[in-house]
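Here is the structure we will look at, set down as structure tokens.
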Amino acid sequence: MSHAAKHALIVGASRGLGLGLAETFLRRGWRVTATRRGPAPALERLAAEGVRVETADIDDDASVAALLGRVGQERFDLVFVVAGVLIDAQRPLHAASRAVTAQVYLTNAVSPILFAETFAGTLAPGGILAFMSSVLGSVSRNEEGGWENYRASKAALNTNARSFAARHADRTFGLLLLHPGWVGTDMGGEGADLDVATSAAGLADVIEARAGDTGLAYLDYRGETLPW
């Protein structure tokens, strides 16, 4: 299909997977608007190729509202909330501070949904609202523990997204919770089995294949369904 008129909003694109997704959709002929929280030299280089770079912090309601004021007249075929944090994930829950655990939950599970509520009206009919989830968010697959605050935040994101879907049962856009694989980013760390380009290409393929589907799905970067 032709992507000449398609427009993606990638939220959290300063580096890693967000940056990779911005570049992938740009190379596929999409118009791309991408956000950062602060200076992002790699993303700013894509601006020279046509990416519209905006500043926003999903944890800051005023910042999100200001972004809507600047781009809310657009209609997006994809809004992909990639932004998230990984803090003290290697500590068991009782060893991490309450403040850190609350921040991880806020940024990973609450703020993406609040952003989606604010931007739902910008999605074109047949478009996709996507959240960067993780296989670690699967409750039924959690048999070994570990990564406790991060794992719980992604499980909460999945649950909150299902509630969002129920609230917006008459929506004209699809909802995706996406697992990118274990990717060699600052968050993924060493030993990862995928590079950013491979994961981003797979995620883009999944998104393009689901265009026009208004259902909710929890999928990995290969399009395989994950258990809740």
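Bear in mind that the values in this text are calculations on the coordinates, not laboratory data. Note that the coordinates shown come from a computational prediction; the quantities given were computed from them, not determined experimentally. Positions of Cβ are generated from backbone atoms using ideal geometry, with glycine treated the same way; all protein chains shown enter the neighbour counts.
Structural remarks
- Per-residue HN-Hα couplings for segment 133-145 [Karplus 6.51, -1.76, 1.60; θ = phi - 60°; Hz; x = Gly/Pro]: 9, 6, 4, 5, x, 6, 5, 5, 8, 7, 10, 10, x
- If you bin all the Cα-Cα distances of the chain at 10 Å, starting from zero, the percentages per bin are 8, 35, 40, 15, 2, 0.
- Once the chain from Ser163 to Arg75 is taken as fully extended at 0.36 nm per residue, the excess over their C-alpha distance is 29.3 nm.
- Amide H contacts of Ala130 (H built 1.01 Å from N, under 5 Å, at least 5 apart or other chain): Val79, Phe80, Val81, Leu176
- Loop-located GluC sites (Glu not before Pro) in segment 45-123 whose Cβ has at most 12 other Cβ within 10 Å (DSSP): Glu49
- Listed residue (Ala197, Phe119, Ala217) projecting farthest to the positive dipole end of the chain, Cβ model: Phe119
- Between helix 61-71 and the chain: long-axis angle, C-alpha atoms, 0 to 90°, nearest 10: 20 degrees
- Counting Lys and Arg as +1 and Asp and Glu as -1 over every other residue whose Cβ lies under 11 Å from the Cβ of Leu114, the net charge comes to -4.
- Note on the chain: with a GNM built from Cα contacts shorter than 10 Å, the maximum mean-square fluctuation among Val139, Val104, Val53 falls on Val139.
- Residues whose amide H lies under 5 Å from that of Ala124, counting only those 5 or more places away or on a different chain, are Phe76, Asp77; hydrogens are built 1.01 Å from N in the peptide plane.
- Kirkwood hydrodynamic radius over Cα pairs of segment 111-186, then Stokes diffusion coefficient at 10 °C and 1.306 mPa s, in µm²/s: 117 µm²/s
- C-alpha long axis of helix 196-209 to longest principal axis of the chain, angle in °: 60 degrees
- The calculated Kirkwood hydrodynamic radius for segment 27-87 is 12.8 Å, given to one decimal from all distinct C-alpha pairs.
- Sorted peptide list for 25-36, 77-88, criterion being average Cβ within 10 angstrom, highest first: 77-88, 25-36
- Long-range tail of P(r) for segment 91-137 (Cα pairs > 15 Å, %): 58 percent
- For segment 29-152, the alpha carbon convex hull comes to 140 Å³ per residue, rounded to a whole number.
- Computed 3J(HN,Hα) for segment 35-47, one whole-Hz value per residue from the Karplus formula 6.51 cos²θ - 1.76 cosθ + 1.60 where θ = phi - 60°, is 10, 9, 8, x, x, 8, x, 5, 5, 4, 5, 5, 4, glycine and proline marked x.
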